[in-house]
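Undergrad: Can you read through this structure? Questions will come right after.
The values are calculated or read from the model by the stated rules, or taken from the named source; none is laboratory data. Since we're looking at a predicted model, the values are computed, not measured. Note: ideal-geometry Cβ built from the backbone for every residue, glycine included; neighbour counts use all protein chains shown. These accessible areas exclude ligands, DNA and RNA; they are computed on the full protein's heavy atoms, side chains included. Shrake-Rupley method; radii C 1.70, N 1.55, O 1.52, S 1.80 Å.
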Amino acid sequence: MALPQRKQDATDARLAAVTLPDGPAWLTKARKAALARVSAMGLPARRDEYWKFSDPTTLTDTAVISADLADASDREFAGADALMAVFVDGAFDADASDDLEAAGVTITRLAQAQDITWAGDLLGTLEARGQSPVERPLAALTTAMATDGLLIHVTGDAARAVHVRYDRKDAGADVALHHVVKLDAGATFTLLESGAGAARFMSNMEVDVADGATFHHVRAQGRDTGRRMNTHTFTRIGTGSTFKSFTLSINGALTRNDCIMDIVGDDATAHVAGACVGDGEGFHHDDTVFITHDAVGCESRQVFKKVLRNGAVGVFQGKILVKHGAQKTDGYQISQSLLLDGDSQFLAKPELEIYADDVACSHGSTSGAIDEDALFYLRSRGVPHKTATTLLTLSFLAEALQEIDDESLGDDLRDRLAGWLDRHQS
Amino acid sequence: MLEIKGLKVDLEDEDKSILKGVDLTVPAGEVHAIMGPNGSGKSTMSYVLSGKDGYTVTGGTATLNGVDLLAMEPEERAAAGLFLAFQYPVEIPGVGNMTFLRTAVNAQRKARGEEELSAGDFLKEVRAKAKDLKIDAEMLKRPVNVGFSGGEKKRNEILQMAMLEPKMCILDETDSGLDVDAMKLVADGVNALRSEGRSFLVITHYQRLLDHIKPDVVHIMSNGRIIKSGGPELALEVENNGYADLLAEDA
């Protein structure tokens with residue numbers, strides 16, 4: 001079907017500016033196939049159903065808007081025992097990184113990939129699968145353009161986590177990265193990500209979680225105010241396996257985190273959660289989730305909390321699709337915003353589409369202010385207004401933070417949120 | 001200690017007058033009780049003194065040791081030594097009871113220019129005081145008042161009072177919803193805090209609490225004013241005859 005003219009023109013203009021990175025034949029083939037998907041779908045525009053709350057223009061434009069560099073001291077997860085892989089403006093920094101050899105894990109960089117059979121079978125395939133029923137052209141564009149990334153193969157119980165840190169040096173960098181993580185049956189692995197990455201940062205992560213495997217993902221997206229970011233996580237979740245992902249977003253001009261989870265094996269667990277805090281009209285944060293239950297007895301959980309003030313905008317689009325035969329599905333979805341003033345906005349679109357008759361799905365979405373009674377109670381005990389507000393805001397965020405299994409990682413992020421809240425109160 | 005003169009208060013949202021000129025003085029070291037029919041303004045007075053939003057003071061003054069209470073923020077009043085034991089203690093999910101207590105204790109100390117309590121000293125003190133009130137470690141760990149029974153909430157109020165060591169304690173119907181044993185426990189907690197430098201204003205509907213917490217003076221409040229003050233025998237009179245005679249006397 002032909003694209004609308006305006007969309008066709010915008011897509012043509014963008015694709016004309018794309019040069020595919022060099023690589024082995026299998027990778028070039030995957031990139032070209034991804035590019036073909038972009039051509040067929042066209043780039044997203046405001047009129048598209050999944051972009052009506054978030055304007056994709058600054059993500060699709062050829063030009064990049066530069067973003068000031070945030071103070072890079074006091075980094076997230078600095079205390080965690082993890083193998084470091086550092087990218088600076090999207091370029092791998094070998095000096096700042098550890099030797100990418102770890103017990104139970106094989107890591108190859110996309111930029112250095114040769115004939116890696118497992119990656120060849122996977123790269124771009126979960127993304128391509130995730131294009132239906134909702135098109136995600138920016139994910140395909142990222143698959144095509146990504147210059148680097150990590151191809152991680154986990155064969156057993158990975159003793160150490162891998163921490164991918166995205167540093168910035170150039171205020172105007174435009175970066176696309178693509179990671180692939182494959183967990184063999186019964187394998188366990190934790191991936192940490194931190195940093196804003198670039199003025200415009202596009203990233204894909206395809207995660208194949210085989211039967212009985214466990215994948216933990218904890219991410220903090222830096223605190224640079226002007227950066228624009230679009231991440232896509234595509235995961236296929238096998239029988240009896242576990243996938244858990246948590247994202248903290250502080251500041252940022254535009255954040256769009258897409259998470260597409262495909263539960264294909266019985267008795268699997270899929271959790272995705274996030275907390276964000278934003279101050280000012282220049283803050284726009286969008287969590288878009290699509291969970292497909294295509295197996296029996298699986299549990300999925302979405303917990304998203306947003307704290308917004310001074311005209312900040314939060315968006316949540318979350319869908320649970322329970323296919324025919326996906327009986328005994330237990331789906332839970334909650335999206336909540338705490339509006340610290342009357343100027344901020346929370347736009348939520350929870351969706352359930354259920355074709356099985358023996359399922360339990362619950363969903364809720366709320367927008368609210370600080371509880372005045374609780375605030376007065378705390379103040380009447382001598383807790384100053386500001387501290388009381390921070391305490392109550394942290395308590396609002398607690399349900400999302402509790403989704404992080406590792407307590408010390410959760411504490412690290414909680415402290416950052418507390419610091420931000422103290423700094424951002426009138 | 002506490003001196004209220006001609007205090008007049010309206011509800012902010014409605015054009016409704018609640019307190020119509022309250023005069024009340026509680027000297028240091030004394031326990032005063034306030035009784036009165038429902039809707040007479042007892043709880044409103046406790047809220048206005050502690051600084052809750054939603055009320056407009058249209059006249060009069062309230063001072064604590066000569067300092068104007070009404071000009072201060074709620075947290076400043078607390079640091080100045082005022083404490084309100086809530087009739088309905090608020091549940092705060094996500095904030096641990098211990099975190100809350102320690103934040104409050106240290107915020108008050110800081111506001112008064114005193115040194116903050118160390119984690120160890122705080123723990124020692126809170127454990128000892130909690131034990132007296134039969135508050136177990138589990139209750140201290142839970143979020144503030146969440147899942148607490150009525151009695152547990154009231155004991156938790158008294159624990160806060162014991163930790164914060166205020167000068168002027170207002171107890172707003174602390175006996176409501178308590179069984180006989182719980183009332184005794186709460187009263188013991190309050191009595192343990194009685195001292196020369198500390199005063200109490202006990203708002204209650206029932207004489208029974210005053211059997212345990214013996215007041216020096218009993219005030220009867222009606223229609224936004226103190227209509228009669230007397231000794232403990234006044235509470236007994238109310239218990240036996242109700243308010244009808246007193247109200248008729250006032251009219």
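Undergrad: Using a 1.4 Å probe on the protein heavy atoms, what percent of the accessible area of the protein assembly as shown belongs to carbon and sulfur?
TA: On the protein assembly as shown, the fraction of accessible area on carbon and sulfur atoms equals 47 percent.
Undergrad: Helix-only estimate, please: 222 nm mean residue ellipticity of the protein assembly as shown, summing -39500 (n - 2.57) across DSSP H runs of length 4 or more and dividing by its residues, to the nearest 500.
TA: Details: 19 runs with 196 residues, N = 677.
Taken over the protein assembly as shown, the calculation gives -8500 deg cm²/dmol.
Undergrad: Quick one: which bits of the range A:356-376 get at least 20 Å² less accessible when the partner protein chains are in, versus the chain alone, with a 1.4 Å probe?
TA: The answer is A:373, A:374, A:376.
Undergrad: Quick one: the Cα spread of the range B:2-250 along its three principal axes, in angstroms, biggest first?
TA: 56, 39, 35 Å, listed from the longest principal axis down.
Undergrad: Counting Lys and Arg as +1 and Asp and Glu as -1, each charge on the Cβ, what is the dipole of the range A:5-370 about the Cα centre in debye, to the nearest 20?
TA: In total the dipole reaches around 800 debye.
Undergrad: Using θ = phi - 60° and the Karplus curve 6.51 cos²θ - 1.76 cosθ + 1.60, what whole-Hz ³J(HN,Hα) does each residue of the range B:216-221 get, with Gly and Pro shown as x?
TA: 7, 9, 10, 10, 10, 10
Undergrad: Taking the full set of protein chains and a 1.4 angstrom probe, give the accessible area of residue B:121 in square angstrom, rounded to the nearest 10.
TA: 80 Å²
Undergrad: Continuing with the same structure: So which residues in the range B:97-115 end up with at least 20 square angstrom less accessible surface once the other protein chains are there, compared with the chain by itself, probe 1.4 angstrom?
TA: Residues passing the criterion (a loss of at least 20 Å², heavy atoms only) are B:100, B:103, B:104, B:107.
Undergrad: Heads up, I need the accessible area for residue A:68: 1.4 angstrom probe, whole protein in place, Å², nearest 10.
TA: 120 Å²
Undergrad: Here's another thing I want to ask about it. Are there any helices in chain A, counted as whole DSSP H runs, that stretch 18 Å or more along their axis by Cα and score at least 0.5 on average by Kyte-Doolittle, and if so which?
TA: Result, helices passing both filters: A:385-401.
Undergrad: Binning at 10 Å from 0, report for the protein assembly as shown what percent of all alpha-carbon pair distances ends up in each bin.
TA: That works out to 3, 14, 21, 19, 14, 12, 10, 6, 2, 0, 0, in percent per bin.
Undergrad: Something else now. Give me Rg/Rg_expected for the range B:92-142, where Rg uses Cα atoms only and Rg_expected = 2.2 N^0.38 Å with N residues.
TA: 1.18
Undergrad: In square angstrom, what is the accessible area per residue of the range A:5-370 with a 1.4 angstrom probe?
TA: It amounts to 36 Å² per residue over the range A:5-370.
Undergrad: Separate question: Compute the distance in nm between two label points, each set 7 Å from the Cα along the Cα-to-Cβ direction, one at residue A:112 and one at residue A:46.
TA: The modelled label-to-label distance comes out at 4.5 nm.
Undergrad: Follow-up question, since we're still on this one. Go through B:42/B:214; A:52/A:169; A:169/A:349; A:182/A:323 and tell me which ones have a Cα-Cα distance over 28 Å in this structure.
TA: A:52/A:169; A:169/A:349
Undergrad: On a straight-distance basis, which aspartates and glutamates could pair with residue B:16 in a cross-link, Cα separation under 20 angstrom, same-chain partners fewer than 8 positions away excluded?
TA: Result set, ordered by chain and number: B:53.
Undergrad: Hey, what do the phi angles of the range A:189-203 turn into as Karplus ³J(HN,Hα) couplings, whole Hz, using 6.51/-1.76/1.60 and θ = phi - 60°, x for Gly and Pro?
TA: Here the 3J(HN,Hα) series is 7, 10, 10, 10, 10, 8, x, 7, x, 5, 4, 10, 10, 10, 9 Hz.
Undergrad: Please list B:127, A:75, A:227, A:416 in order of solvent-accessible area, largest first, computed with a 1.4 Å probe with all protein chains present.
TA: B:127, A:75, A:416, A:227
Undergrad: May I pose another question? What length, rounded to one decimal in nm, is gained on full extension from residue A:95 through to residue A:33, with 0.36 nm per residue of separation minus their alpha-carbon distance?
TA: Length difference between fully extended and current span is 18.9 nm.
Undergrad: If you don't mind, another one. Of A:318, B:17, A:188, which is farthest towards the positive pole of the protein assembly as shown's charge dipole, taken about the Cα centre with +1 and -1 on the beta-carbons of Lys, Arg and Asp, Glu respectively?
TA: Sorting the options by dipole projection puts first A:318.
Undergrad: Whole-Hz Karplus ³J(HN,Hα) for the range A:112-124, in order, using 6.51 cos²θ - 1.76 cosθ + 1.60 and θ = phi - 60°, x for Gly and Pro?
TA: 10, 5, 10, 8, 9, 4, 4, 6, x, 6, 9, 4, x
Undergrad: Please report the spacing between the Cα centers of the range B:154-195 and the range A:308-382 in Å, no decimals.
TA: Here the answer is 39 Å between Cα centres.
Undergrad: Additional query: To the nearest Å, what is the center-to-center distance of the range A:34-103 and the range B:211-251, using C-alpha atoms only?
TA: When both Cα centres are located, 72 Å separates them.
Undergrad: Taking R0 as 25 Å, what's the FRET efficiency between residue B:115 and residue A:160 from their Cβ-Cβ distance, rounded to 0.05?
TA: Using R0 = 25 Å, I get an efficiency of 0.05.
Undergrad: I'd like the distance between the alpha-carbon centres of the range B:1-69 and the range A:206-249, rounded to an integer number of Å.
TA: First find each Cα centre; the distance between them is then 56 Å.
Undergrad: Rolling a 1.4 angstrom probe over the protein heavy atoms, how many square angstrom per residue are accessible across the range B:117-251?
TA: Value returned for the range B:117-251: 45 Å² of accessible area per residue.
Undergrad: If you don't mind, another one. Which FRET efficiency value, to the nearest 0.05, is calculated for residue B:206 and residue A:129 with the Förster distance at 45 angstrom and r the Cβ-Cβ distance?
TA: Numbers: r = 70 Å, r/R0 = 1.55.
It comes to 0.05.
Undergrad: Need one number: % antiparallel among DSSP beta bridges in chain A, to the nearest 5.
TA: 5 percent
Undergrad: Sum up the charges of everything whose Cβ sits under 11 Å from the Cβ of residue A:355, counting Lys and Arg as +1 and Asp and Glu as -1, but leave residue A:355 out.
TA: Result for the neighbourhood of residue A:355: -2.
Undergrad: Per residue of B:143-153, how many C-beta atoms from partner chains lie within 10 Å of its own C-beta, taken as a mean?
TA: Mean inter-chain Cβ contacts per residue within 10 Å come to 1.
Undergrad: Counting other Cβ atoms within 10 Å, which chymotrypsin sites (Phe, Trp or Tyr not before Pro) in the range A:353-426 have at most 12 and lie in a DSSP loop?
TA: For chymotrypsin sites (Phe, Trp or Tyr not before Pro) across the range A:353-426 that sit outside H, G, I, E and B with at most 12 neighbouring Cβ atoms in 10 Å, the list reads A:355.
Undergrad: What is the sum of charges, Lys and Arg at +1 and Asp and Glu at -1, for the other residues whose Cβ falls under 15 Å from the Cβ of residue A:343?
TA: That sum, taken over residues with Cβ under 15 Å, equals -1.
Undergrad: Starting from the Cα of residue B:124, draw a straight line to each of the lysines and keep only those under 27 Å, dropping any in the same chain fewer than 8 residues away.
TA: B:110, B:134, B:141, B:153, B:154, B:167, B:184
Undergrad: For a quick size check, give me the Cα extents of the range A:5-370 along its three principal axes, largest first, whole Å.
TA: 49, 47, 44
Undergrad: A further question follows. Estimate for me the total accessible surface buried between chains A and B (protein heavy atoms, probe 1.4 Å, no ligands or nucleic acids), in Å² to the nearest 100.
TA: In total, chains A and B hide about 1800 Å² from solvent.
Undergrad: Assuming a viscosity of 1.306 mPa s and a temperature of 10 °C, what translational diffusion coefficient in µm² per second does Stokes-Einstein assign to the range A:373-426, Rh being the Kirkwood radius over Cα pairs?
TA: Translational D for this selection: 134 µm²/s.
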